[in-house]
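The values are calculated or read from the model by the stated rules, or taken from the named source; none is laboratory data. Source: prediction; values computed, not measured. Here Cβ is always computed from backbone atoms with ideal geometry, including for glycine, and neighbour counts include all displayed protein chains.
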Amino acid sequence: MKSEKFTLTKHICFGRFIKMSIMSALLTLWYSGVQAQCPLACNNLVQVSMDEDCIVDITPDMMLEGQGLPGNCTYVVQVLGLNGQPLPPPIGYSGNSWVTSANIGQTLTVRVWLGVNSCWGTIKIEDKLPPIIICPAPITVSCWDPRTFALPVATDNCNGNVPVTILSDVTNSDLPCTDTRRAIRTITYQAKDASGNISPICSRVITYNRITLADIKFPKNYDGTAGNRPHLECDGGWAWGAFQTNASGTPVPFVTWDKNNNHYPDPEETGGPYVADPGNITGYILGYQVGTPIPSGATLPGCTAGNLVGYNVATGTWQLTCDNSSGIQNFRIDTFYNNFIGNNTLCRINTTYSDTKIDICANSYKLLRYWSVLDWCTGSITQKYQIIKVIDDEGPLFNLPPRVDSPLSPVPCLSKPVAVLTTNPYTCKADWAVLKPIFVFVCFGVTVLKFTVKFKKAP
């Protein structure tokens, strides 16, 4: 029984072996036939253009000769860097078949594998997509509007934000006086990426509307009268202890009104005719404090565009002129605007002035500034005086020379005398050369100074 069973078992195992061998041979022949149907001839140089996200997958179709590959062929593509090693995949991708913006301009070797066989080819990576420029919409402003226009933003598929260049900036002001417009300005821009691709030309159109003499306001007096500003100090300082804001938005004292140090109140310092519009404000005063227009992005309930706000130095908070008037009842509002001086060609309005100086006393005078504003279209003229008083109402300031204690003090003490004098035994008097003060601060033009020295008995 064992012998028969053993013989039968050996017979069955041998039969299975024969069947498996035949199957393996057939599979080998089938696989060889399939592989024989998969082409493996690489193109020598393939130009690869970057797409919108600047990441391209190098596929077998791109690298192998002929058109259309059998769907049952299994290829593996490897792109080799300039160092001969496979390129690492971008973040979030897998495999070595990807090229990115880092490879633009490079010629790289590509290896295509089919099983254990492979072919070689090269690719040249290029970026041919132009940048996209975000063109601003047309706007309409007043002819006095002093604003400048920032360059538009341009983005690129491979370089992010790219530089924008102004191609032209043309203003057409040859419009009839009857037109409500005074000028039309067209600024053209173009962007360029690192590969030299240029964007389509973008045109920004700004229309400037006319104004009339009724829109022109005259600057305030500096004479201390009601509704005007205090006089000016002859040393160039402000009489009211004004403040301005620094880069961080914190109010700091004005150093001087005499910005150009010529000891004369020029219109750039004391103002000229202006257009009272919120968009023309350069700063303002709340009482004796100076602030700036409403901070960008600030949320002020109850206020609309154009309302003014100021910084309260005492409380460290912004004060409002709209719904919080009780909080600033002790403040007097005053506003600074861009001046409307000279010949404004866009508005066709000309502004001139003449000064008459009246001396009051030494270092004090009154300036009568006569403003004339002409509308070239209508021929109308409006005129007004601005009174500016420059007063010397403060005594001189000075620093004492450095203290030099006398080494002749007869007894040690906490406070040594500056000098020890020996008196005349007959008159009981002595002479002492008093050192003059240094760094004397007086109004401009003072040439003669008289010093009086007083003595106080030491304790």
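I need the full set of residues from the range 125-152 which are under 27 Å from LEU64 (Cα atoms) and loosely packed, with under 13 Cβ neighbours inside 10 Å, in order please. Walk me through it before giving the result.
The initial filter retains those residues of the range 125-152 that are under 27 Å from LEU64 (Cα atoms), namely 125-129.
Answer for the range 125-152, where residues must be under 27 Å from LEU64 (Cα atoms) and loosely packed, with under 13 Cβ neighbours inside 10 Å: just LYS128.
Taking VAL112 as the residue in question, decide whether it is in contact with a Phe, Trp or Tyr (Cβ under 6 Å, 6 or more places away or on another chain), in a strand (DSSP E or B), outside the structural domain of ASN159 (by TED's automatic domain parsing) and among the β-branched types (Val, Ile, Thr). Before the answer, list the steps.
Values: in contact with a Phe, Trp or Tyr (Cβ under 6 Å, 6 or more places away or on another chain): yes; in a strand (DSSP E or B): yes; outside the structural domain of ASN159 (by TED's automatic domain parsing): yes; among the β-branched types (Val, Ile, Thr): yes.
Taking the combined requirement at face value, the residue satisfies it.
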*For the range 142-174, what are the residues that are modelled with pLDDT of 95 or more, over 13 Å from PRO130 (Cα atoms) and in a loop (DSSP other than H, G, I, E, B)?*
LEU151, PRO152, VAL153
*Considering only residues of the range 45-72 that are over 26 Å from ASN161 (Cβ atoms) and polar (S, T, N, Q), which is surrounded by the fewest Cβ atoms within 10 Å (Cβ to Cβ)?*
GLN67
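Under 30 Å from PRO60 (Cβ atoms), surrounded by 13 or more Cβ atoms within 10 Å (Cβ to Cβ) and out of contact with any Gly (no Cβ under 6 Å at 6 or more places or on another chain): which single residue out of THR122, THR155, THR171 fits that description?
Details: THR155 fails: under 30 Å from PRO60 (Cβ atoms); THR171 fails: under 30 Å from PRO60 (Cβ atoms).
Being under 30 Å from PRO60 (Cβ atoms), surrounded by 13 or more Cβ atoms within 10 Å (Cβ to Cβ) and out of contact with any Gly (no Cβ under 6 Å at 6 or more places or on another chain) holds for just one of THR122, THR155, THR171, which is THR122.
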*Inside the range 231-270, can you point out the residues that are under 19 Å from PRO219 (Cα atoms), more than 27 Å from the chain's Cα centre (by Cα) and at pLDDT 80 or above?*
HIS231, LEU232, GLU233, ASP258, TYR264, PRO265, ASP266, PRO267, THR270
*Six or more apart or on different chains, Cβ under 8 Å: which pairs go from a residue in the range 256-280 that's in contact (Cβ under 8 Å) with a residue 60 or more places away in the chain to one that's part of a loop (DSSP other than H, G, I, E, B) and exposed (fewer than 13 other Cβ atoms within 10 Å of the Cβ)? Could you list them?*
HIS263/GLY445; GLU268/LYS259; GLU268/ASN260; GLY279/ARG147
*Would the range 28-41 turn up any residue that is part of a helix (DSSP H, G or I), at pLDDT 50 or above and farther than 30 Å from ASN159 by Cβ?*
yes
*Output the residue which, of all residues in the range 198-230 that are among the small types (Gly, Ala, Ser) and out of contact with any Lys or Arg (no Cβ under 8 Å at 6 or more places or on another chain), is modelled with the lowest pLDDT.*
ALA226
